[in-house]
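Every number in this text was worked out from the coordinates using simple rules, so none of it is lab data. Treat the numbers as computed from the prediction; the structure is a model and nothing was measured. Neighbour counts run over all protein chains shown; Cβ positions are idealised from the backbone, glycine included.
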């Protein structure tokens, strides 16, 4: 894959310099790879110092880029040089065609050596080859329109070097092509996969640049628009250069670094930051990313300090992970001759870039926070609040880390006093039953198995956390109690291995209010303790709605049957009527769990031998996220439309009024 991009990057450099807007990448059926562009074409004239054509210099000499003058590109990632010559050396065969000066020029190489192949019908990597002896030949093979220019490079990887099963990953190639199209607005890349015998084309063209890239990367709902932070800075650098006598000497040169950054915060917690130097990805960062992170931290600390009374900051400081929560960013810098750690260019090492990026981002982001525009004020306030809330959540998690773990009998006093804990030390076998109200708690205490069933009562309907800030959630007594009792933290700090119970069972009344409470609880678990849901450890109890006593004749004991819906009750009564059986009237309808006695609650809802539980599962995370946002989020209009659309299909008899 790296060999392909060494060639493609040369064409991209031409596009960055304003030459050519189309690059074709073809994976041929014979395992060869071809890269075609419409740029200026590789130089074909004789390079005076070597006496070789420009094509041969590019593909056989290391650091050939310097032979064409340092002014060829203001900034580049894959300048003709080490990359092209190394790809040639690693290829069993490499073919070059150049359209330039109204002619098409061609040259062939076998494992890096120029010469001629004796092809009979098709170009084959193992065709007979004759190397040039005295002088290399750049062949003129055709004519083109005078203004037409470009290069075509096709190579076959050397099987003596690469393993037999080595193949090009089309997914990796498409991902990199898409990324390059984002980084070079207006450049079209076409990937054509012909390896299966059928042509599969993929085209990438984006005019929005890194702004569009950030929008593509972001997966969560936006908290802010995409902000663009741009600028430049000058620096000096001492570099070795060739003097007129051909000797190396040190020289101080003035450089300019162009900085272009986009940032965007969303409602989620994940961080997605991509960094690039001259469109070359730097997955391991470097000095440009260090400067970016330093600037973000500096600006947000300054803004938090300015609003310390509003946010009740105390002596705590915002840290990098607080700012990174929900952040999507693309950091790009362009500079001549960047210093990388290794030819793979994964880490930028140029020291001066750190301060330049930090200065540009600090100024642009501070200007955004100080903007008088209403939209900017609203969005910066939301982002700052999110960052401060992340800080408080981190501090809260750190402070309560030990108290959130499984407590021994002596330690349980630090947990909420209303918790009725169980005795077992076996986390997997234990159950936390969240019950609705104090009246239900009294009955549940008598109905439970105290060996493995713990009880936690909640008062009515808890906070709707889908549209509440994290600080409001943490300050809510019921939400905080649930998080503390489960003992595994919340949000990004949630650790399922620290959970104190194997099952969490939501036990609410079998009516509309009970369903609403259950929905609010599920929203809390889905948003802040999602691993429990994904692991299948959250359940909903199924309490009965009616108790029917069937009268048996004679001395035979009466039969008790529980039903769980109005439809089920009507079906049962119809069945009893057909069988000629009588039942006691009035039929008992439970208005709440507190109306059951302990034996009834145990038999129907709590005893493992006879109860029914509904496991809460998430088959499609995105659909679940969308549904929670629709039903529980801030936007009223979509929820109203949903209710209106579904009204006709709803059975009026099911309304519990």
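Largest first and in whole Å, give the semi-axes of the chain's equivalent ellipsoid, each being the square root of 5 times a Cα gyration tensor eigenvalue.
Equivalent-ellipsoid dimensions as semi-axes: 68, 31, 22 Å.
Calculate how steeply helix 287-306 sits against the longest principal axis of the alpha-carbon atoms of the chain, using the helix alpha-carbon long axis, and give the answer as 0 to 90 degrees to the nearest 10.
Taking the Cα atoms of the chain, the angle to 287-306 is about 40 degrees.
Averaging over every viewing direction, what projected area does the convex hull of the Cα atoms of the stretch 2-207 cover, in nm²?
11.9
One quarter of the convex hull surface, Cα atoms only: what value does that give for the stretch 529-628 in nm²?
Across all orientations, the stretch 529-628 yields a mean hull projection of 9.3 nm².
Based on the mean of other Cβ atoms within 10 Å per residue, sort peptides 164-173, 372-381, 492-501 so the most packed one is first.
Packing proxy ranking, top to bottom: 492-501, 372-381, 164-173.
So if the hydrodynamic radius of the stretch 185-294 is defined as the Kirkwood radius over C-alpha pairs, what does Stokes-Einstein give as its diffusion coefficient at 37 °C and 0.692 mPa s, in µm² per second?
Roughly 183 µm²/s, to the nearest whole number.
Normalised by the residues of the stretch 155-313, what does the relative contact order come to in percent, with Cα pairs under 8 Å and at least six apart?
Relative contact order comes out at 15 percent.
May I ask for the equivalent-ellipsoid semi-axes of the stretch 211-397, computed as the square root of five times each C-alpha gyration tensor eigenvalue and listed largest first in whole Å?
In descending order, the three semi-axes are 35, 17, 15 Å.
Quick one: compute the contact order of the stretch 211-397, relative version, from alpha carbon pairs under 8 angstrom and 6+ residues apart, as a percent.
28
Report relative contact order for the chain in percent, whole number only (criteria: Cα-Cα under 8 Å, sequence separation at least 6).
8
What is the angle, in °, between the Cα long axis of helix 621-632 and the longest principal axis of the Cα atoms in the chain? Nearest 10 is fine, range 0 to 90.
Tilt relative to the chain: about 50 degrees.
Mind pulling the angle between the C-alpha long axis of helix 477-486 and the longest principal axis of the chain? Nearest 10 degrees, somewhere in 0 to 90.
Value to nearest ten degrees: 80.
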